[in-house]
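Notes follow the structure.
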Amino acid sequence: MKVRAEVIIIGAGFAGLSAAIYLGRAQRDVLVLDAGKSMGRWEPKVQNFLGFPEGISGQRLLQRARRQAHRARARFKRDYVTSARCKDGEFHLQSKSGSYACRRLLLATGIFHVPPDIPGVSACLGYSMFFCKDCDGVRVRRKRIAIYGWSNETAEYAIAMLAYTRCVTIVTDGRPIGWDKQHADLLKRNDVDVQVKPIQRLARDGSKLKALLLDDGTKVDAQALFTTRGDIVYNDLARNLGAELDATGQIVTDLSMRTSVKGLYAAGCVTTANCQMIIAAGQGATAAQAINRELFEETWLRKPPRQLPRGRKSLSPPPTSNIPH
């Protein structure tokens, strides 16, 4: 039996949960389909989310947001959607366990940061191995750090990290250097060390990185590792539906988080925005308000006038909780 909802949100990270809270509070019938893969759960201590001056774990922040969405009467189901299509203004979804239909669809499917290909590095994730200089650069002030990568982005990342420390080394792990002459000159002028030999293993004390050991015996002292290996964008459903994507595979939206497909919205790291938890939450709220407004207009402002029953002088107004501010 097909499960129906006014709005379906795919993804229960910060974008999806924020949207669920807003739509639930607007008295919309909203269903969140959650595959349980939000990258927020990887972060042991979020230090740049507004309102948590002492920091909070990503997992705990997600749990709090989920409780808030439940309180707003959003429905949740653990499921993985495998395909989507749009027919007669309605979205039809197929999953591993069933099928769904909705009037509006929000994709908050996110991305996957590809970690360095080094055995044992996962133990350092969030403690001494990071994906985001904006989130964690301040945590490595005056420490020795390594940047994993081989592209122009890697070179720019290394230069940006000089704001936090002067001890920056790029490790390409055996890959040929891919940055251009301009970036090579920039690295040379700023005395950024570059090591191109494959990484044999890392030395660590629990979750604390100590050094990277290269194939030729070189020891790169490093107390933190940042990676620029790239991301996997979870855009299969957007492709199914014909939504416009940019060159990196991220979903293109307008300022209200509408995609190029009518009724389809996207929010969070799957879009072209800077991938930050608080930005994802803001985008989710933006998408939810746009969806609510669109449904309100469709229901109340675009319908032909109804015939008044005999003896009635006016129609009852729409529920005030459904009228967007």
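The values are calculated or read from the model by the stated rules, or taken from the named source; none is laboratory data. Just so it is clear, the model here is predicted, and its values are computed rather than measured. As a convention, Cβ positions derive from the backbone with ideal geometry for all residues, glycine included, and neighbour counts pool all protein chains shown.
Here are some notes:
- Some residue of region 127-134 being in a strand (DSSP E or B), closer than 19 Å to VAL233 by Cα and either under 23 Å from the mean Cα position of the chain (by Cα) or not assigned by TED's automatic domain parsing to the domain that holds CYS269 (or both): yes
- Complete set of residues in region 228-240 that are farther than 23 Å from MET129 by Cα and either surrounded by fewer than 19 Cβ atoms within 10 Å (Cβ to Cβ) or touching a helix residue (DSSP H, G or I) at 6+ places or on another chain (Cβ under 9 Å) (or both): ASP236, ARG239, ASN240
- Hits in region 15-46 - residues which are closer than 26 Å to LYS96 by Cβ, surrounded by fewer than 22 Cβ atoms within 10 Å (Cβ to Cβ) and out of contact with any strand residue (DSSP E or B) (no Cβ under 9 Å at 6 or more places or on another chain): ARG41
- Lone unmet requirement of (1) touching a helix residue (DSSP H, G or I) at 6+ places or on another chain (Cβ under 9 Å); (2) of a type in the set (A, V, I, L, M); (3) not in a strand (DSSP E or B) for ALA123: (1)
Here is a yes/no grid of residues against (1) in contact with a His (Cβ under 9 Å, 6 or more places away or on another chain); (2) closer than 23 Å to PHE49 by Cβ; (3) hydrophobic (A, V, I, L, M, F, W, C):
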residue: MET129; (1), (2), (3): no, yes, yes
residue: CYS135; (1), (2), (3): no, yes, yes
residue: TYR157; (1), (2), (3): no, yes, no
residue: ALA160; (1), (2), (3): no, yes, yes
residue: ALA163; (1), (2), (3): no, yes, yes
residue: CYS167; (1), (2), (3): no, no, yes
residue: ILE170; (1), (2), (3): no, no, yes
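- Within region 144-193, the residues that satisfy the criterion of being farther than 21 Å from MET129 by Cβ and of a type outside the set (A, V, I, L, M, F, W, C) are ASN152, PRO176, GLY178, ASP180, LYS181, GLN182, HIS183, ASP185, LYS188, ARG189, ASN190, ASP191.
- Evaluated against (1) closer than 24 Å to LEU62 by Cα; (2) outside any loop (DSSP other than H, G, I, E, B), ALA238 falls short on exactly one condition, (1).
- Note on region 1-48: residues that are among the charged types (D, E, K, R), assigned to a loop (DSSP other than H, G, I, E, B) and under 21 Å from GLN59 (Cα atoms) amount to 3.
- Count of residues meeting criterion [in contact with a strand residue (DSSP E or B) (Cβ under 6 Å, 6 or more places away or on another chain) and either among the aliphatic types (A, V, I, L, M) or not assigned by TED's automatic domain parsing to the domain that holds VAL252 (or both)] in region 270-299: 3
- Criterion: assigned by TED's automatic domain parsing to the domain that holds ALA19 and without any contact (Cβ under 8 Å) to a residue 12 or more places away in the chain - qualifying residue of ASP88, ASP79: ASP88
Conditions tested, residue by residue: (1) in contact with a Pro (Cβ under 6 Å, 6 or more places away or on another chain); (2) buried (at least 22 other Cβ atoms within 10 Å of the Cβ); (3) among the charged types (D, E, K, R).
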| residue | (1), (2), (3) |
| --- | --- |
| ASP254 | no, no, yes |
| MET257 | no, yes, no |
| LEU264 | no, yes, no |
| GLY268 | no, yes, no |
| ILE278 | no, no, no |
| GLN283 | no, yes, no |
| THR286 | no, no, no |
| GLU298 | no, no, yes |
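- Within region 157-201, considering residues that are acidic (Asp, Glu) and surrounded by fewer than 18 Cβ atoms within 10 Å (Cβ to Cβ), the one nearest to LEU225 (Cα to Cα): ASP193
- Unmet criterion (only one of (1) hydrophobic (A, V, I, L, M, F, W, C); (2) at pLDDT 95 or above; (3) touching a Cys at 6+ places or on another chain (Cβ under 8 Å)) for MET161: (3)
- Residues of region 190-249 that turn out to be hydroxyl-bearing (Ser, Thr, Tyr), farther than 20 Å from VAL121 by Cβ and touching a residue at least 60 places away in the same chain (Cβ under 8 Å), as a count: 1
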